[in-house]
1. Before rounding to the nearest 500, sum -39500 (n - 2.57) across all DSSP H runs of length at least 4 in the chain and divide by the residue total; then give [θ] at 222 nm in deg cm²/dmol.
2. Does anyone have the angle between helix 95-105 and the longest principal axis of the chain? Alpha-carbon axes, 0 to 90°, nearest 10?
3. Got a sec? How would Met202, Met235 order by Cβ neighbour count within 10 Å, fewest to most?
4. Taking H as built 1.01 Å from N, whose amide H comes closer than 5 Å to the amide H of Ile23, not counting residues under 5 places away?
5. Can you pull out the GluC sites (Glu not before Pro) in segment 73-182 whose DSSP state is coil and whose Cβ has at most 14 other Cβ atoms within 10 Å?
6. By how many degrees, between 0 and 90 and to the nearest 10, does the Cα long axis of helix 136-149 differ from the longest principal axis of the chain?
7. Which whole-Hz ³J(HN,Hα) couplings does segment 188-203 yield from phi under the Karplus relation 6.51 cos²θ - 1.76 cosθ + 1.60, θ = phi - 60°, glycine and proline marked x?
8. Compare the Cα positions of Cys63, Gly103, Ala41 along the charge dipole of segment 41-105 (+1 at Cβ of Lys, Arg; -1 at Cβ of Asp, Glu; about the Cα centre) and return the one farthest towards the positive end.
Amino acid sequence: MSTAIMTMPATAQAPPLATHSAISCRGVTKEFVAGDTRVRALDGIDLELPAGELALLVGPSGCGKTTLISIVAGLLEPTRGEVSVLGTNLTRISGGQKVDFRGKNIGFVFQQYNLLPALTAAENVAVPLIIARHPRHQAVARARNLLEQVGLADRTESLPTQLSGGQQQRVAIARALIHEPRLLVCDEPTAALDAHAGQTVMELIRKVAVQPDRAVIVVTHDSRVYGFGDRIVSMTDGKIDKIEIQNGKSR
């Protein structure tokens, strides 16, 4: 595998947001205040991520990874800087517009699967469409089809307690993709899984989620899955240290 490593340069002034990137961050800083203490979680992040790739966001605990993806997903406001996602400048739209934008364009996969225990696998996957007022029977039928794509055709009527951790994470991935989002954000999707199940989940994300018109970001501490990324964004103390672009992979 050949790699090219780019070191992020310090810039005195953030350049304009790029219009060709799926994700564009310029001078993004986030500070949290607790009493008299001000903590800078992000310190002038500049980042461009294209569609059609899987980007791994890596670094030690507390370096700002989750804060960054929360801002990219419109869940947090930056203290300073601008963020454009899929051509929409999130720092210039209202809170209600952000909610609509997330519902239409972003899928989330978390370390904890967050499945509803009383619903079957197919019903759990269908929940986003049902909330969006799609007819229930159509939503469930689409969910069954997606579960087949993630290798769970025989478990569509199983409850979460009847599934292994890896199977539950597959259900969560299907749920995140059911509304065909153009950005998939995964926060430590393999952390609760053993090595084999974690590899299987990452293989699935590469196979099912990575598409020419979709950007995929995976936050991970698991160095065993680094080989699945098209680029690895390394963070320390709220800053990006380097971006490693992995070339020469056959997919």
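Quick note: the coordinates plus some simple rules give every number you see, no bench work behind them. Predicted model only: the values in this text are computed from it and were never measured. Heads up, the Cβs are rebuilt from the backbone with ideal geometry, glycines too, and the neighbour counts pull from every protein chain shown.
1. On the way: 6 runs with 67 residues, N = 251.
Rounded to the nearest 500, the figure is -8000 deg cm²/dmol.
2. 60
3. Taking fewest neighbouring Cβ atoms as first place, the list is Met235, Met202.
4. Leu49, Leu86
5. Working: sites: Glu82, Glu123, Glu148, Glu157; in loops: Glu157.
In loop regions of segment 73-182 (DSSP not H, G, I, E or B), the sparsely surrounded GluC sites (Glu not before Pro) are Glu157.
6. Once rounded, the angle reads 80 degrees.
7. Per residue, the Karplus-derived 3J(HN,Hα) values read 6, x, 10, 5, 8, 10, 6, 4, 5, 5, x, 4, 5, 5, 5, 4 Hz.
8. Gly103
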